[in-house]
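In what follows, a structure is listed as structure tokens, so that the remarks can point back to it.
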Amino acid sequence: RRFRRRRRVGELVMARSWPKRVARLLRHRVVDERSARRAIPPDALARLTQLVRESEARHSGEIRVYVEAALPTHFVLRDATPRDRAIAVFGELRTWDTAHNNGVLIYLLLSERAIEIVADRGVTAHVPDEEWRRIVEGMRGEFRSGRYEQGLAQAIDAVTRHLAQHFALAPGEDNPNELPDEPVLG
């Protein structure tokens with residue numbers, strides 16, 4: 001077995017064999033944006049947008065939802081994990097760019113059935129990793145049954161509870177909408 005050093009993290013991980021890499025690449029090429037649209041149709045997208053909008057009226061945080069059918073080819077070729085992609089999307093969507101460092105990304109990768117939650121440093125100071133894992137497990141149960149909208153709605157509600165607890169708005173406090181509310185389908 002060959003090992004390689006991950007540059008960013010510095011941990012040793014086992015490199016995938018070529019047959020496994022090819023199989024993974026094919027799995028990511030078989031699904032496309034239509035898969036994301038089937039999982040989250042336009043009416044569900046509208047309801048999820050409304051949930052995010054209502055959530056953000058209760059606190060100063062920002063919630064982004066990103067549903068991706070497959071990893072971009074360069075992520076697959078470099079053997080990146082869904083977590084690596086979620087962190088990249090967190091940056092691409094500028095979820096980190098909030099006044100109170102309280103943005104949260106809910107990321108779903110359909111081709112690998114992976115779920116990731118990435119929170120900015122203002123939120124991670126208050127919410128332990130175990131709580132994020134609990135939210136992900138709740139989503140996973142809904143997704144296994146094909147109920148993507150319900151799983152995402154459940155996650156939005158759970159994230160809302162944490163943001164409302166730690167970043168509640170004072171009466172009359174201005175609350176600009178710093179990021180778009182609509183989930184992104186990729």
Subject >> Binned Cα-Cα distance frequencies in the stretch 101-186 - 5 Å width, integer % >> reply: 3, 12, 23, 25, 18, 12, 5, 2, 1
**OP:** With only Lys, Arg, Asp and Glu charged, each at its Cβ (+1 for the first two, -1 for the last two), find how big the charge dipole of the stretch 37-111 is about the Cα centre; round to the nearest 20 debye.
**Re:** 160 debye
Original post:
Classify the stretch 143-186: rounded, prolate or oblate, from the alpha-carbon gyration tensor (a ≥ b ≥ c, eigenvalue square roots; a/c under 1.5 rounded; otherwise prolate if a/b is larger than b/c)?
Top reply: oblate
Original post:
Using θ = phi - 60° and the Karplus form 6.51 cos²θ - 1.76 cosθ + 1.60, what ³J(HN,Hα) does each residue of the stretch 52-65 get, whole Hz, x for Gly and Pro?
Top reply: 5, 4, 5, 4, 5, 6, 9, 7, 8, x, 10, 10, 10, 10
Original post:
Cα centroid distance between the stretch 151-186 and the stretch 30-63, in Å?
Top reply: 12 Å
Original post:
Once phi is turned into ³J(HN,Hα) by the Karplus curve 6.51 cos²θ - 1.76 cosθ + 1.60 with θ = phi - 60°, what whole-Hz value does each residue of the stretch 98-112 show in order, with x for glycine and proline?
Top reply: 10, 4, 10, 6, 10, x, 9, 10, 9, 10, 10, 10, 5, 5, 10
**OP:** Treat each spin label as a single point 7 Å out from the Cα along the C-beta direction, and report the Arg133 to Arg58 distance in nm.
**Re:** 2.6 nm
**OP:** Show me 62-68, 77-83 ranked by packing, highest mean number of other Cβ atoms within 10 Å first.
**Re:** 62-68, 77-83
Original post:
Of the accessible area of the chain, with the probe set at 1.4 angstrom, what percent is carbon plus sulfur?
Top reply: 52 percent
Original post:
For the stretch 95-186, with every protein chain kept in place, what is the accessible area per residue (1.4 Å probe, Å²)?
Top reply: 49 Å²
Original post:
Can you pull out the GluC sites (Glu not before Pro) in the stretch 93-186 that DSSP calls coil and that have at most 16 other Cβ atoms within 10 Å?
Top reply: Glu173
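The values are calculated or read from the model by the stated rules, or taken from the named source; none is laboratory data. Remember, it's a predicted structure, so these values are computed and weren't measured experimentally. Reconstructed Cβ throughout: ideal geometry from the backbone, glycine too, with neighbour counts over all protein chains shown. Note: areas computed on protein heavy atoms with side chains; ligands, DNA, RNA excluded. Shrake-Rupley method; radii C 1.70, N 1.55, O 1.52, S 1.80 Å.
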